């Protein structure tokens, strides 16, 4: 079995957040569980992103703000997002991990899981928010487009929270198909089904907000009835994933009920999509997830899926889940009618 690359650097646990939900324990537990698993893994040490690489997505002034705050001993970017003395350096390595992973995916066919923090998908061009400093997945996608010859990038975001920063980065860009499945009326308040992109990017943003309590039935229906048909028409060159595990049942910061089987099934399904379409990846970026042991076990399940272990996953969607996914399908049909 071909190993999955796992990108990790000790600096990621030096992004100190104290008793904050997004704490170093998330990575410490996940790393130990992965090391004790029987998975075939290839541990990789990333390089830091350069300021110019980060500046493809973020303003130089904001980058300097994060650096200055870290160098001065740390502080808060907003009410949720903390910077400690090592946070700027850790954030550069988290972004660099994504850059390295897309390069190796496109040149060597590498599949990867990025065990990184701080997370990224809420960070917008001139502001960090929602525990995020730099938008790791957006930086990686832009690198794939600008430096690696990719023409089309699919980004799948299954965090319980909408990936507003990633959406903003590519809202007018038809080279990136952004698909986000997240909890309705949850932080940061964006991601309605009617947010579909603008200008040349109209139709290339697909949001699937699902109501509190939605679970595996919604996952299966959203993938099979919406994501996969559209992705096959889009024909991505590479598939990237913002993998949040706060959509898992019981997470204190979420209200969805995804099971470990759901993560394994999504990983396997996206790996199959890559093989079927000739796309590189998947390259999976850790985002949220605030039950360290449950998150770690679901990361293992995700990697098992990437490596070909796919659960039966016959869960049927409830009426509410059908309605939520159906609304997103109707919005997508305007651009992707040939997919349905």
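The values are calculated or read from the model by the stated rules, or taken from the named source; none is laboratory data. Please read all numbers here as calculations on a predicted model, not as lab measurements. For neighbour counting, all protein chains shown are included, and Cβ atoms are generated from backbone atoms with ideal geometry for every residue, glycine included.
Things to note:
- Enumeration of residues in the range 305-326 that are closer than 11 Å to residue 222 by Cβ and part of a helix (DSSP H, G or I): 321, 322, 324, 325, 326
- Options 156, 160: the member that is under 23 Å from residue 305 (Cα atoms), at pLDDT 95 or above and part of a loop (DSSP other than H, G, I, E, B): 160
- Residue pairs whose Cβ atoms lie under 7 Å apart, sitting 6 or more positions apart in sequence or on different chains, and linking a residue in the range 134-146 that is touching a residue at least 12 places away in the same chain (Cβ under 8 Å) to a partner that is part of a loop (DSSP other than H, G, I, E, B) and surrounded by fewer than 24 Cβ atoms within 10 Å (Cβ to Cβ), are 139/56; 142/56; 144/150; 145/175; 146/56.
- Of all residues in the range 165-177, those satisfying the criterion of being over 20 Å from residue 128 (Cα atoms) and either in contact with a strand residue (DSSP E or B) (Cβ under 8 Å, 6 or more places away or on another chain) or part of a strand (DSSP E or B) (or both) are 175, 176, 177.
- Test: residue in the range 66-73 that is crowded, with 18+ Cβ neighbours inside 10 Å and touching a residue at least 40 places away in the same chain (Cβ under 8 Å): yes
- Condition met for residue 117 (touching a helix residue (DSSP H, G or I) at 6+ places or on another chain (Cβ under 8 Å), surrounded by fewer than 24 Cβ atoms within 10 Å (Cβ to Cβ) and at pLDDT 95 or above): no
- Scanning the range 117-138 for residues being in a loop (DSSP other than H, G, I, E, B) and within 11 Å of the chain's Cα centre (by Cα) gives a total of 5.
- Elements of type helices (runs of 4 or more DSSP H) contained in the range 39-111, each with 2 or more residues being within 21 Å of the chain's Cα centre (by Cα) and closer than 27 Å to residue 6 by Cβ: 51-54, 87-108
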